[in-house]
Each structure stands twice: as C-alpha cells, then as structure tokens.
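*Asks:* Questions regarding the structure given below will be posed in turn.
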Amino acid sequence: MNVLSLDNFSIEQINKILDLAEEFKNGKEVDYKGKKVISNLFFEPSTRTHYSFDMAALKLGCRTQNFDAGNSSLKKGESLYDTVKTFEMFGTDAVVIRHVENEYYNQLVGKINIPILNAGDGTGNHPSQSLLDLLTIRQEFGKFEGLKAVIVGDIKHSRVAHTNIKIMQRLGMTVYTSGPEEYKEEGYNFVDFDEIIDKVDVVMLLRVQHERHEKSMIETVEEYHKLHGLNYERMEKMKDTAIIMHPAPFNRGVEIADDVVECKKARIFKQVQNGVYIRMALIYMALEEKL
Ligand code: CP
C-alpha cells in the first residue's frame, strides 16, 4: 500500500489513520523485531520528516537505512527509478521518498513492488505533514467541521499549504490564505492577515521557500516580519482558544517572532511530536497492507 497523496484517501480513512496514530501515542505496541527494513531516500534536505520517519520505524522495531544522496551514484547520473529499484532489490520492505519533482512517484508506481511513502514532492504533496497537522488540530478542538484556519506566507511554493487546503476543506474547515501578493495563488480565499487574525481557530505560518524561487524576494526580512509575520502584538489579537502552527523549519524574526515560537498558543513542537505517531501509523499501515 502506497501513501502518495491524501487525495487517494476517503475522509473515513483519514480519520482511521489519525485514530491509529492516537493509539500509538497512547502506548500501542508493535514490534517487528528487526525483521522489517525501512529505507529513507531523501533527495532533498529534511530534518523533521526524515528523522521522524526513522524514529517511527525504530519504535516499531524495524531497522532503517538512510540514503546519503550527496555521496551516492546519483552523482554518476543514476536515475530516481534505478535508485529506488536498487533498494527494492536489496530487500527493503518500504521506501520513504522526498524529491524535488512534483508527483515524482508517477514514474515509480506499477514498477516498484514495495510500499512507497511520499515524504514530500516538490510543491505538490506532503501527506504525512498534513496528517500530523490534522492530528494536532483534532487533539485541540475534537473536530474539524466549522473550524477556520488562515495559512500565511509562501502559499505558491508550499506543498504543506497545497495539501492542507485541500484536505481541510474536505473536512469541512474554512481556509483562508494570506501573505505577500507575489506568493498568492488564484483560487484560494486570500485575505489581509490583520483583518482575519481575531476570527480564526488556527493560524498556520509558512517559511519562505527561497530554494523554489526563480528570483529573490522583493521584501526585506524586516518588511516581511512587519507585514506578514506573527509578532507578539498580533498573537495577542488571536481568539483565546486559537492555536499557532508551523510545519517548520521556522525562521525566527521572519514569519514568526522569537517570543511567539513557544508561547501558550503555539503547538509547533507538539506537531513535531505528533509526526512520529503519524509516521508509525503510516509505516504500520504500509507494512500490513491494511487501513
Ligand atoms: N516540515 C518539514 O517537512 O520539515 P523538514 O523539511 O525538516 O522535513
């Protein structure tokens, strides 16, 4: 069973994944006793997704392989498909892949005979991130229907925004976007941050994805922070029950002020922790071929 995009899962299945992650959080034990191997193939940098998939696999009693793209035969021109097929032939049980190309997995599906867990494709999908975001929201509010969220920042280049907007809307949430005009995306409800901040339940901030920009950002860091950043003053305007989220890595003093990162409304490190439970659920589902 592959996990490529949340579009392939029904709402019922999404809730089942969250339930399973919650079970792992509450101590559900699965021990593969070293008999399963998970290979983490990251063709793009990552800290949270890479090492929380690794931690999730270790907690399930799997062994792991962590591919070092910079010292691999990619440097000799080996393709994505040939690299993944090589790991399949080594005998690994599942591959976790992050790649710069949108929907890179289309070149693998049907030809790779072990589960593929998508750890992020270009500006397209980041299913495990969205699931951990949803788990964090559900833990907070106990529901999705009727909640309002604003996602602020580099919407255009963010796979987190693209994945979250679609799944949050399917779950009955109202999603607004905000940030610099140059990163606005047509078709999304674009609003002024200061107009919406006191009306939403979730404020989700995004990093400016410089690595995906063809030209550098127009605004300076100071301007960006002033216009679109969550500073202490803005945070205090949020509803008492509202929460702050960020997929991280975050840039302190740019999209989020240093003194807001761990304030009482922030759930950013809780998201990181939930990431391990979600990835345990995904690996377990993939290995057991069931949901
Ligand atoms: N949120 C996220 O995907 O972080 P990493 O790039 O560190 O994996």
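The values are calculated or read from the model by the stated rules, or taken from the named source; none is laboratory data. Since we're looking at a predicted model, the values are computed, not measured. Backbone-built Cβ (ideal geometry, glycine too); neighbour counts: all protein chains shown.
*Asks:* Assess whether Thr163 counts as being crowded, with 16+ Cβ neighbours inside 10 Å, part of a loop (DSSP other than H, G, I, E, B) and within 16 Å of the ligand (Cβ to nearest atom).
*Replies:* When the stated conditions are applied, Thr163 does not pass them.
*Asks:* Looking only at segment 158-209, which residues are at positive phi and free of Cβ contacts under 8 Å to residues at least 24 places away in the same chain?
*Replies:* Result: Gly187, single match.
*Asks:* Just checking, which of Gly253, Gly229 is away from the ligand (no atom under 16 Å from the Cβ) and at positive phi?
*Replies:* Of Gly253, Gly229, the one residue that is away from the ligand (no atom under 16 Å from the Cβ) and at positive phi is Gly253.
*Asks:* Right, something else. Name the pairs whose Cβ atoms lie under 8 Å apart, with the first residue in segment 1-28 and under 23 Å from Val109 (Cβ atoms) and part of a loop (DSSP other than H, G, I, E, B), the second among the aromatic types (Phe, Trp, Tyr) and modelled with pLDDT of 95 or more, and 6 or more positions between them or separate chains?
*Replies:* Cβ pairs passing all conditions: Asn2/Tyr105; Leu4/Tyr105.
*Asks:* Let me ask something additional. Picking from Arg234, Arg252, Arg267, which residue would you name as being surrounded by fewer than 22 Cβ atoms within 10 Å (Cβ to Cβ), within 19 Å of Thr177 (Cβ to Cβ) and either in contact with a Leu (Cβ under 9 Å, 6 or more places away or on another chain) or not aromatic (Phe, Trp, Tyr) (or both)?
*Replies:* Arg234
*Asks:* Considering only residues that are more than 16 Å from Ala286 (Cα to Cα) and of a type in the set (D, E, K, R), which ones fall in segment 29-45?
*Replies:* Across segment 29-45, the qualifying residues are Glu29, Lys33, Glu44.
*Asks:* Can you work out which of the residues in segment 122-160 that are in contact with a Leu (Cβ under 8 Å, 6 or more places away or on another chain) and in a strand (DSSP E or B) is nearest to the ligand (Cβ to nearest atom)?
*Replies:* Asn125
*Asks:* On the basis of being at negative phi and within 16 Å of the ligand (Cβ to nearest atom), does Ile114 make the cut?
*Replies:* no
*Asks:* Of everything in segment 255-264, what is of a type in the set (Asp, Glu) and surrounded by 18 or more Cβ atoms within 10 Å (Cβ to Cβ)? Give them in sequence order.
*Replies:* Glu255
*Asks:* Ok, one more. Does segment 63-86 contain any residue that is in contact with a strand residue (DSSP E or B) (Cβ under 9 Å, 6 or more places away or on another chain), at pLDDT 95 or above and either basic (Lys, Arg) or more than 25 Å from Arg159 (Cβ to Cβ) (or both)?
*Replies:* For segment 63-86, residues in contact with a strand residue (DSSP E or B) (Cβ under 9 Å, 6 or more places away or on another chain), at pLDDT 95 or above and either basic (Lys, Arg) or more than 25 Å from Arg159 (Cβ to Cβ) (or both): present.
*Asks:* Would you be able to say whether some residue in segment 251-258 is under 30 Å from Val30 (Cβ atoms) and β-branched (Val, Ile, Thr)?
*Replies:* For segment 251-258, residues under 30 Å from Val30 (Cβ atoms) and β-branched (Val, Ile, Thr): absent.
*Asks:* Being within 17 Å of the chain's Cα centre (by Cα), surrounded by fewer than 16 Cβ atoms within 10 Å (Cβ to Cβ) and among the polar types (S, T, N, Q) is the filter here, so list the residues in segment 1-39 that pass it.
*Replies:* Asn8, Asn15, listed by residue number.
*Asks:* In segment 29-70, which residue that is of a type in the set (Lys, Arg) and part of a loop (DSSP other than H, G, I, E, B) is nearest to the ligand (Cβ to nearest atom)?
*Replies:* Lys36
*Asks:* Taking the options Tyr176, Tyr232, Tyr224, name whichever one is of a type in the set (Ser, Thr, Tyr) and under 19 Å from the mean Cα position of the chain (by Cα).
*Replies:* Testing whether each residue is of a type in the set (Ser, Thr, Tyr) and under 19 Å from the mean Cα position of the chain (by Cα) leaves just Tyr176.
*Asks:* Which one is nearest to the ligand (Cβ to nearest atom), of the residues in segment 89-107 that are in a loop (DSSP other than H, G, I, E, B) and farther than 16 Å from Ala286 by Cα?
*Replies:* If we take residues in segment 89-107 being in a loop (DSSP other than H, G, I, E, B) and farther than 16 Å from Ala286 by Cα, then Val100 is nearest to the ligand (Cβ to nearest atom).
*Asks:* Here's another thing I want to ask about it. Quick check on my filter: what residues within segment 237-249 are surrounded by 14 or more Cβ atoms within 10 Å (Cβ to Cβ) and within 13 Å of the ligand (Cβ to nearest atom)?
*Replies:* Residues satisfying the conditions are Met245, His246, Pro247, Ala248.
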